[in-house]
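Contents: one structure, followed by commentary.
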Amino acid sequence: MNKKKAFAEGELKSMGYSRPFLASFLLALLLNVTNGQPLVPALFIFGDSVVDVGNNNHRFTVIKANFPPYGRDFENHYPTGRFCNGKLATDFTAEVLGFTSYPPAYLNLNTKGNNLLNGANFASAASGYYEPTAKLYNAIPLRQQLEYYKECQNKLVEAAGQSSASSIISDAIYLVSAGTSDFIQNYYINPLLNKFYTIDQFSDTLLRFYSDFIQSLHALGARRIGVTSLPPIGCLPGAITLFGFNSNECVASLNSDAITFNEKLNTTSRNLQNMLPGLNLVVFDIYQPLYDLVTEPSENGFFEARKACCGTGLIETSILCNRKSIGTCANSSEYVFWDSFHPSEAANRLLADSLVAAGISLIS
């Protein structure tokens, strides 16, 4: 806990927060968590495989992770549908916020009343801002995730009453993680897209969908929204294998695309913040923290950053990462990546620290 606290203090200081603010915030955080009271009433999560906790288990799709060795380091060593050996960054974030359980996969819930009082997860692996990406893999498009959220709101009203439900909706934190699948699983491998749209044109298209999604969330009462940037997609082991032309280095062109997209995401988000009344919209920079882990693994406590833990570590993900995958590592905490596209629990723990530090304004 002390290491996390020191890390958070350093991050907050670098963002310009004063020592009195740091002291009061950390004290409030620790007191709330100690008393069993979350800092916010609920956490609602939208997006792709980085945050999917099992919604794809209920879809007719090969993009699933509800089998070993996924989940081998999770509670009871059980594969839930998370694309990880253990916890996701959002799981760690929920813990820091004081929740004693994680937002459940919405499609997993049999009765959706009181189970939704602390939030829900609507994310679907292989989804993205671009709806055809989700349709390629029979994932849940963001538009449909939004429809599930509308249904969730009605269930909240039934369970808690209109007044309490309204408070939950307005004070909750909303997290959005999307975009990687749009590039890796669609644009770069789809000649129907990359022959007719430049990377800039495709990025602009994604950002129009992003803007529409945030405006729709805002219209439904969301006021505290955090969205993750693209990661260094050229450093994902699977991306290096597919697009690196036999290189062991990050694919510079893909990382450049991610950086350009992230710059546009920041600009679009600032415009939305200025346009929508009462909106607190924060962009979480995932790019730099993950890039640092990949390029300086030993300095961050890791042994391997080029290969993932599962199988050969070069291409396995989803059904290719299974109990018969030859070569799966014994100690995933030494690896930045669990499978060839998703961070390990150990990396997610560090990424969550960055999320929390960057998202202070959503909490305070």
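The values are calculated or read from the model by the stated rules, or taken from the named source; none is laboratory data. Nothing here was measured: the structure is a model prediction, and the numbers come from that model. Every residue, glycine among them, receives a Cβ derived from its backbone with ideal geometry; neighbour counts consider all protein chains shown.
Please determine, by comparing only the residues of the range 246-302 that are of a type in the set (Asp, Glu) and either part of a helix (DSSP H, G or I) or closer than 18 Å to PHE209 by Cα (or both), which one is farthest from the chain's Cα centre (by Cα). Before you say what the answer is, go through the steps one by one.
Our first condition is that a residue be of a type in the set (Asp, Glu); within the range 246-302, this holds for 249, 257, 263, 285, 292, 296, 299.
Then drop every residue that is not either part of a helix (DSSP H, G or I) or closer than 18 Å to PHE209 by Cα (or both), which leaves 257, 263, 292, 299.
Values: ASP257: 19, GLU263: 18, ASP292: 18, GLU299: 24 Å.
Ranking the candidates gives GLU299 first.
Kindly check whether there is at least one residue in the range 55-69 that is under 14 Å from GLU345 (Cα atoms), out of contact with any Lys or Arg (no Cβ under 7 Å at 6 or more places or on another chain) and either without any contact (Cβ under 8 Å) to a residue 12 or more places away in the chain or surrounded by fewer than 23 Cβ atoms within 10 Å (Cβ to Cβ) (or both). No, that holds for no residue. Taken over the range 116-136, the criterion of being surrounded by 19 or more Cβ atoms within 10 Å (Cβ to Cβ) and either assigned to a helix (DSSP H, G or I) or not small (Gly, Ala, Ser) (or both) is satisfied by LEU116, ASN118, ASN121, PHE122, TYR129, TYR130, THR133, ALA134.
Conditions tested, residue by residue: (1) at pLDDT 95 or above; (2) within 21 Å of PRO41 (Cβ to Cβ); (3) polar (S, T, N, Q).
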position	(1), (2), (3)
PHE83	yes, no, no
THR90	yes, yes, yes
THR100	no, yes, yes
LEU109	no, yes, no
GLY113	no, yes, no
ALA120	yes, yes, no
SER127	yes, no, yes
GLN145	yes, yes, yes
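Can VAL157 be described as of a type in the set (A, V, I, L, M) and free of Cβ contacts under 8 Å to residues at least 12 places away in the same chain? Here the answer is yes, as VAL157 does meet what is asked.
For the range 67-78, give me each residue that is more than 17 Å from PHE337 (Cα to Cα) and within 18 Å of the chain's Cα centre (by Cα).
The answer is none; no residue qualifies.
Within the range 160-245, considering only helices (runs of 4 or more DSSP H) that don't extend past its boundaries, which have at least 2 residues that are closer than 28 Å to VAL356 by Cα and of a type in the set (Phe, Trp, Tyr)? Walk me through how you get there before you give the answer.
On the way: elements: 162-171, 180-184, 191-194, 199-219, 237-243.
By residue number, 199-219.
Summed over the range 308-345, residues that are part of a helix (DSSP H, G or I) and closer than 18 Å to SER49 by Cβ total 5.
Which residue, of ASN274, ASN248, is out of contact with any Leu (no Cβ under 9 Å at 6 or more places or on another chain) and modelled with pLDDT under 95? First the steps, then the outcome.
Numbers: ASN274 fails: modelled with pLDDT under 95.
None of the other options fit; the residue is ASN248.
Please pick out the residue among TYR149, TYR70 that is assigned to a helix (DSSP H, G or I), of a type outside the set (Lys, Arg), at pLDDT 95 or above and touching a strand residue (DSSP E or B) at 6+ places or on another chain (Cβ under 9 Å). Give the derivation first.
Working: TYR70 fails: assigned to a helix (DSSP H, G or I).
Only one candidate passes the filter, namely TYR149.
Residues that are touching a helix residue (DSSP H, G or I) at 6+ places or on another chain (Cβ under 8 Å) and of a type in the set (Val, Ile, Thr) within the range 82-105 comprise THR90, THR93, VAL96, listed in sequence order.
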